[in-house]
Structure formats: C-alpha cells, structure tokens
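A.B. asks: The following block contains the structure, expressed as structure tokens.
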Amino acid sequence: MKITILDGNALNPGDLSWEPLKEIGELVFYPRSNPDEIIERIGDSDAVLLNKINITEEILGACPKLKYIGVQATGYNVIDLDACRRHGVTVTNVPSYSTSGVAQLTFAYISEFACGTALHSSSVMSGDWCKSPDFCYWKKPLLELDGKTLGIFGYGSIGSRVAKIGKAYGMKIIACTRTPKEEIENPVDFETLMSESDFITLHAPLTDSTRGIINARSLGLMKKSAYLINTARGPLVNESDVRAALENGTISGYACDVVSEEPMKNDNPLLGAPNCLITPHIAWAATETRQRLLDAVVDNLKSYLGGNPKNVVS
C-alpha cells in the first residue's frame, strides 16, 4: 500500500514520528503541495493524508487507484464528498482531538482582555515601572471575571469545556446551540446571547446558516464593554464589520485564531485593528494535541484497512 501525505508540515514539522504509518505501508511525505502538483503526487497512491488540500472531482477522476482519504483535522470542507462517494473513496476525519487546546486558548484571550498581562509586561520592560512614582499602575481598566456573563455560541465538546472553565472562574454561563442539551443551565436565543454577554466565544461549525452570523447587526446587539472571541472558523464573522465595530467602540475587543482566508492576506481588514488579538491558527498546535491527532490518524487508517472504518464522513 502506498500512503501519501500532501501537507504534513503543519501536523508534524519534525518533532513527531511518522514511523507508525511507515509500518502500514510505503510512505511518501510532502511538507506542502500546490494545487497543480496534487494529481502527479497521488496518482499511484492507495491512501492520501491531508489537512487543507482541496480534493475535487477532477483530481479523483485522474487518480482511480485512490480509495482512502484521511483528513488530519476535524473540518473536512476541503473535500468534495459527493465526488468521493461516486468514486468509492472513503473519507475520515478526527473529531474532538483539540478540545483542550482550543478551550485553553479561548481563556488565554479572555485573561488577556481582563488582565492585560502582555500589555503591562511590555510597559514594565520598557522602563515604565522604574519611572513610576507609585508602587503600582495600570495601563487600562482591569476586569474581574467572577460574576461576568460568558456567552457560548455552539455547545459541542469545546463549548462545554469552555463552560466548565468559565464556571471555575465564577462566571455566569449562557449558551446558544442548535442542539438542545440538558446540561446547559441557561439556554438562550442568539439575540439574547449577543446582548447579555460580557464575553462571547464562538464554537459553532461553519454552515450556510452560521456563515457571517457575526455582522454589523449582531455586533450592534453587544454591550460596548463586551469582547468577542473566535476560535472556530474565520467566515463566521464579517471581518470588515468587526473592524468597524472596534474602531467605532461598538465592542471593546476581538480575538481570533482563525480568519476568512489562511494564511492571512495583506488586505485582511483585521490587520492593525484596535483592541484586536490575532494568533496564527495555533489552538491545535501544542505537542500533546498534535500527537493525539497523529495517533487518531493512524488508528483511522488501520481501522479502515481492518474492514471496520471509524470516523467516516463519506
């Protein structure tokens, strides 16, 4: 069996081991692949592993030997699933591997907005404390999370983990989800979530109904003192509207680990926006998180070869 990894550098830039895959078959590894290289690279492959590579009808038609695609991520919107079904190609993904990492980054943002740790450390390192006439000072109003309302949009494994952490801080949790769950103590509709929360964090999938759900209208429902966080999918928000809301003081801050097009483009409206924190899609990047993902990728392939496939999306 020939296994080809098309864009493996994100999952494993060299600190993890591909040996478990080499034990399954002949492994060919590419750190990155351009669209015009795909067919040539996987034309004789039985299985392909990928993260953000688009697989189309054209590619499948040119690669008749291909029978398995393992997505090294949770999202699989890069794959034409209907075409895969027509060509008899099984597609798997890895759900829920990054729950801890995403929840952790969500609260890194919340803590930065509340405490301004990086802001104050930078001030001290530039000599401001040495010049201060007082034993303490602060560069912006600080917040205590205890008693604040945390609004969660989307209540899957990540949303529920964020809720648990919020409760530990003493926050009031409200949630808006398409799938009602008994564990949600304070379910609310979307408008209530937007208007009552001090912090809003997005954990919903990207669908036709959620695309652009954060826009000028919904941002206008928020408290001027509220903060918005997106670690889900970039296109959930209208980035131009978010920038305008930050510049106009409609909201107090925005943090995201995802943008509408990645890598980020030079003309993205969020670049240089005030009170905006942006990280380069790192919520899943902890060594432990990526190892968990790689273990699941291997297990998915072994299960498929053993005739008992798991995490099948097509």
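The values are calculated or read from the model by the stated rules, or taken from the named source; none is laboratory data. Keep in mind that what you see is a predicted model, and the values were worked out from it rather than measured. Every residue, glycine among them, receives a Cβ derived from its backbone with ideal geometry; neighbour counts consider all protein chains shown. Side chains included, ligands, DNA and RNA excluded: accessible areas come from the protein's heavy atoms. Shrake-Rupley method; radii C 1.70, N 1.55, O 1.52, S 1.80 Å.
A.B. asks: I'd like to know if segment 211-219 contains one or more residues that are open to solvent by 60 Å² or more (accessible area, probe 1.4 Å), under 29 Å from Asp7 (Cβ atoms) and in contact with a Gly (Cβ under 6 Å, 6 or more places away or on another chain).
C.D. replies: Taking segment 211-219 first, the residues open to solvent by 60 Å² or more (accessible area, probe 1.4 Å) are 211, 216-217.
From the residues that got through so far, the ones that are under 29 Å from Asp7 (Cβ atoms) too are 211.
Of the ones still in play, those that are also in contact with a Gly (Cβ under 6 Å, 6 or more places away or on another chain) are none.
No; the residues of segment 211-219 include none that is open to solvent by 60 Å² or more (accessible area, probe 1.4 Å), under 29 Å from Asp7 (Cβ atoms) and in contact with a Gly (Cβ under 6 Å, 6 or more places away or on another chain).
A.B. asks: Among what's in segment 242-253 and is of a type in the set (Gly, Ala, Ser) and assigned to a helix (DSSP H, G or I), pick the residue that is least open to solvent (accessible area, probe 1.4 Å).
C.D. replies: First, the residues of segment 242-253 that are of a type in the set (Gly, Ala, Ser): 244-245, 249, 252-253.
Going one step further and asking which of them are assigned to a helix (DSSP H, G or I), we end up with 244-245.
Numbers: Ala244: 39, Ala245: 5 Å².
The extreme case among them is Ala245.
A.B. asks: Say we look at segment 178-210 and pick out the residues that are polar (S, T, N, Q) and at pLDDT below 95; which of these is most open to solvent (accessible area, probe 1.4 Å)?
C.D. replies: So, considering only residues that are polar (S, T, N, Q) and at pLDDT below 95, the one most open to solvent (accessible area, probe 1.4 Å) is Thr179.
A.B. asks: Could you list, in sequence order, the residues of segment 165-177 that are surrounded by 13 or more Cβ atoms within 10 Å (Cβ to Cβ) and hydrophobic (A, V, I, L, M, F, W, C)?
C.D. replies: Initially, segment 165-177 is screened for residues surrounded by 13 or more Cβ atoms within 10 Å (Cβ to Cβ), giving 165-167, 169, 171-177.
Across segment 165-177, the qualifying residues are Ile165, Met171, Ile173, Ile174, Ala175, Cys176.
A.B. asks: Then there's this: Any residue in segment 226-241 that is free of Cβ contacts under 8 Å to residues at least 12 places away in the same chain and either loosely packed, with under 15 Cβ neighbours inside 10 Å or over 25 Å from Met194 (Cα atoms) (or both)? Show your work before the answer.
C.D. replies: Of segment 226-241, the ones free of Cβ contacts under 8 Å to residues at least 12 places away in the same chain are none.
So far as segment 226-241 goes, no, none of its residues is free of Cβ contacts under 8 Å to residues at least 12 places away in the same chain and either loosely packed, with under 15 Cβ neighbours inside 10 Å or over 25 Å from Met194 (Cα atoms) (or both).
A.B. asks: Hey, could you check segment 269-310 for residues that are on the phi > 0 side of the Ramachandran plot and open to solvent by 60 Å² or more (accessible area, probe 1.4 Å) and say which is farthest from the chain's Cα centre (by Cα)? It would help to see each step written out before you state the result.
C.D. replies: Looking only at segment 269-310, we keep the residues that are on the phi > 0 side of the Ramachandran plot, and these are 272, 275, 281, 307.
This time we only want the ones that are open to solvent by 60 Å² or more (accessible area, probe 1.4 Å), so: 272, 275, 307.
Numbers: Gly272: 21, Asn275: 20, Gly307: 31 Å.
Here the answer is Gly307.
A.B. asks: Considering only residues that are open to solvent by less than 50 Å² (accessible area, probe 1.4 Å), out of contact with any Asp or Glu (no Cβ under 8 Å at 6 or more places or on another chain) and under 22 Å from Ser98 (Cβ atoms), which ones fall in segment 135-164?
C.D. replies: Across segment 135-164, the qualifying residues are Ile152, Phe153, Gly154, Tyr155, Gly156, Ile158, Gly159, Val162, Ala163.
A.B. asks: Can I ask one more? Condition first: buried (at least 18 other Cβ atoms within 10 Å of the Cβ) and farther than 21 Å from Gln291 by Cβ. Now tell me which residues in segment 24-47 satisfy that.
C.D. replies: Ser33, Ile38, Arg41, Ile42, Ser45
A.B. asks: Please go through segment 155-198 and pick out each residue that is farther than 23 Å from Leu143 by Cβ and among the hydroxyl-bearing types (Ser, Thr, Tyr).
C.D. replies: Tyr155, Ser157, Ser160, Thr177, Thr179
A.B. asks: Under 7 Å between Cβ atoms, which residue pairs at least 6 apart in sequence (or on different chains) link something in segment 15-36 that is part of a loop (DSSP other than H, G, I, E, B) and basic (Lys, Arg) with a partner that is surrounded by 10 or more Cβ atoms within 10 Å (Cβ to Cβ) and at pLDDT 95 or above?
C.D. replies: Once the first residue is part of a loop (DSSP other than H, G, I, E, B) and basic (Lys, Arg) and sits in segment 15-36, its partners that are surrounded by 10 or more Cβ atoms within 10 Å (Cβ to Cβ) and at pLDDT 95 or above give Arg32/Asp7; Arg32/Asn9.
A.B. asks: Of the conditions (1) assigned to a loop (DSSP other than H, G, I, E, B); (2) touching a strand residue (DSSP E or B) at 6+ places or on another chain (Cβ under 9 Å); (3) closer than 25 Å to Val48 by Cβ, Met222 satisfies every one except a single condition; which number is it?
C.D. replies: Going through (1) assigned to a loop (DSSP other than H, G, I, E, B); (2) touching a strand residue (DSSP E or B) at 6+ places or on another chain (Cβ under 9 Å); (3) closer than 25 Å to Val48 by Cβ one by one, Met222 breaks only (3).
A.B. asks: Condition check: surrounded by fewer than 16 Cβ atoms within 10 Å (Cβ to Cβ), under 18 Å from Trp284 (Cα atoms) and of a type in the set (S, T, N, Q). Does Ser132 satisfy that? Steps first, answer last, please.
C.D. replies: Working: surrounded by fewer than 16 Cβ atoms within 10 Å (Cβ to Cβ): yes; under 18 Å from Trp284 (Cα atoms): no; of a type in the set (S, T, N, Q): yes.
No: the conditions fail for Ser132.
A.B. asks: Now, a different point. Mind listing just one residue for me: the one in segment 177-212 that is in contact (Cβ under 8 Å) with a residue 40 or more places away in the chain, in a loop (DSSP other than H, G, I, E, B) and not hydroxyl-bearing (Ser, Thr, Tyr) and, of those, nearest to Thr74 (Cα to Cα)?
C.D. replies: Going through the qualifying residues, I end up with Pro205.
A.B. asks: Could you please let me know if Ile69 is out of contact with any Leu (no Cβ under 6 Å at 6 or more places or on another chain), more than 14 Å from Val297 (Cα to Cα) and not aromatic (Phe, Trp, Tyr)? Explain how you work it out, then say what you get.
C.D. replies: Numbers: out of contact with any Leu (no Cβ under 6 Å at 6 or more places or on another chain): yes; more than 14 Å from Val297 (Cα to Cα): no; not aromatic (Phe, Trp, Tyr): yes.
Here the answer is no, as Ile69 does not meet what is asked.
A.B. asks: Count, please, the residues in segment 1-23 that happen to be under 18 Å from Arg292 (Cα atoms) and of a type in the set (A, V, I, L, M).
C.D. replies: Within segment 1-23, residues that are under 18 Å from Arg292 (Cα atoms) and of a type in the set (A, V, I, L, M) number 5.
A.B. asks: Which residue pairs have Cβ atoms closer than 6 Å, lie 6 or more positions apart in sequence or on different chains, and pair a first residue in segment 62-90 that is farther than 20 Å from Trp284 by Cα and assigned to a strand (DSSP E or B) with a second residue that is aromatic (Phe, Trp, Tyr) and open to solvent by less than 10 Å² (accessible area, probe 1.4 Å)?
C.D. replies: Going by the 6 Å Cβ cut-off, the qualifying pairs are Thr90/Tyr68.
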